[in-house]
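Comments concern the structure below.
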Amino acid sequence: MASRREDLALFPRHQALTGEATMLIWGSGGNTLQLGDAGVAHCPACEKDRMFKNVLVYRYAHIWYLFNWVTKKAYFKACEICGRGPEQDAKAIEAKLGKSPIPAFRRYGGFVLLGLIALAIVGGVVASKQSTAEENALLDHPQVGDLYTVYVDEIVPDAFDQRTYGVMRVAQINGDTVSLQVPNIGYDKLKGVFADLRGDAKNESYYAPGTVQLSLDKLKQLHDANSLIDVTR
């Protein structure tokens, strides 16, 4: 028996390549494609003249069964009885065929996934820039009642015992100075703030007595430093 992988039985056999992995998100599989008759030749394994077939055996990986890419392939001239036979030159076979017989979705699905990831990243960057521009415009022209999602302790260090998210509301505007109301409640996660923005943060009782004065420039500095996270109007 040959010591190198020049025999279809060493690839391994077809059945082992056709089974799908059971993982839902990530897995692998394989297939065997019949490419037509290769004529009659002597089979060393059968020790008889046999009909041979041209076959392609390949493996692929997938994500969610939708995005596939080929991980291994080999062309064989295989005995139709025992399945054994020499491996063929892939470039020569594909040049004769004119193209790879592996389905396009198996060959290029991985590139589709990469393209979708790239589009998502680009879309996120564009959306982030647009959101930042909109927030800068709101900060340039504040209005009474605007709600700022902030790290409260960056503005009022003694308001809470630890680094805390909260909502501050514009109470008054005097030239380039903005008076902000300080919340009575803060959160260690933003989801609490987002819930308050839809309701409680619009109520006067949500805020402590008194206000904090900040210049427009200071507000922009806090925004640039991600200490002023969001502006709601």
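Any idea how many residues of the range 13-36 are modelled with pLDDT under 90, open to solvent by 60 Å² or more (accessible area, probe 1.4 Å) and out of contact with any Gly (no Cβ under 7 Å at 6 or more places or on another chain)?
Selection size over the range 13-36: 7.
Hey, does the range 144-153 have a residue that's of a type in the set (Asp, Glu), surrounded by 15 or more Cβ atoms within 10 Å (Cβ to Cβ) and modelled with pLDDT of 90 or more? Lay out the reasoning, then the answer.
Narrowing the range 144-153 to residues of a type in the set (Asp, Glu): 146, 153.
Next, only the ones that are surrounded by 15 or more Cβ atoms within 10 Å (Cβ to Cβ) stay: 146, 153.
Checking the rest, the ones that are also modelled with pLDDT of 90 or more come to 146.
Scanning the range 144-153, I find at least one residue that is of a type in the set (Asp, Glu), surrounded by 15 or more Cβ atoms within 10 Å (Cβ to Cβ) and modelled with pLDDT of 90 or more, so the answer is yes.
Residue by residue through the range 172-198, note down the ones that are open to solvent by 40 Å² or more (accessible area, probe 1.4 Å), in a strand (DSSP E or B) and not polar (S, T, N, Q). Break it down into steps so the answer makes sense when it comes.
Of the residues in the range 172-198, the ones open to solvent by 40 Å² or more (accessible area, probe 1.4 Å) are 172-177, 184-185, 187-191, 194-195, 198.
Checking which are in a strand (DSSP E or B) leaves us with 172-174, 177, 187.
Hits for the range 172-198 are ILE173, TYR187.
In the range 125-143, is there at least one residue being open to solvent by 70 Å² or more (accessible area, probe 1.4 Å), modelled with pLDDT of 85 or more and outside any helix (DSSP H, G or I)?
Checking the range 125-143: at least one residue is open to solvent by 70 Å² or more (accessible area, probe 1.4 Å), modelled with pLDDT of 85 or more and outside any helix (DSSP H, G or I).
List the number of the failed condition for HIS42; all other conditions in (1) open to solvent by 60 Å² or more (accessible area, probe 1.4 Å); (2) under 28 Å from GLY115 (Cβ atoms) hold.
For HIS42, the exception is condition (2).
Being open to solvent by less than 40 Å² (accessible area, probe 1.4 Å), at positive phi and not in a strand (DSSP E or B) narrows it down to one residue among GLY110, GLY83; which is it? Full working, then the answer.
Numbers: GLY110 fails: at positive phi.
After ruling out the rest, the residue left standing is GLY83.
State all residues of the range 200-225 that are surrounded by 13 or more Cβ atoms within 10 Å (Cβ to Cβ) and of a type in the set (Asp, Glu); if no residue qualifies, say none.
ASP200
Which of (1) in contact (Cβ under 8 Å) with a residue 40 or more places away in the chain; (2) open to solvent by 30 Å² or more (accessible area, probe 1.4 Å); (3) under 27 Å from LEU114 (Cβ atoms) is the odd one out, the single condition ALA90 does not satisfy?
(1)
Only one of (1) modelled with pLDDT under 90; (2) assigned to a helix (DSSP H, G or I) is not met by ASP217, so which one is it?
Answer for ASP217: the failing condition is (1).
Residues of the range 95-107 being part of a helix (DSSP H, G or I), within 37 Å of the chain's Cα centre (by Cα) and within 18 Å of ASP37 (Cβ to Cβ), which ones?
Step one: of the range 95-107, the residues part of a helix (DSSP H, G or I) are 95-97, 104-107.
Narrowing the set further to residues that are within 37 Å of the chain's Cα centre (by Cα) leaves 95, 97, 104-107.
Result: LEU97, single match.
The values are calculated or read from the model by the stated rules, or taken from the named source; none is laboratory data. Note that the structure is a prediction, hence the values are computed from the model and not measured. Please note: Cβ atoms are built from the backbone with ideal geometry, for glycine as well, and neighbour counts cover all protein chains shown. The accessibility values were calculated without ligands, DNA or RNA, using every heavy atom of the protein model including side chains. Shrake-Rupley method; radii C 1.70, N 1.55, O 1.52, S 1.80 Å.
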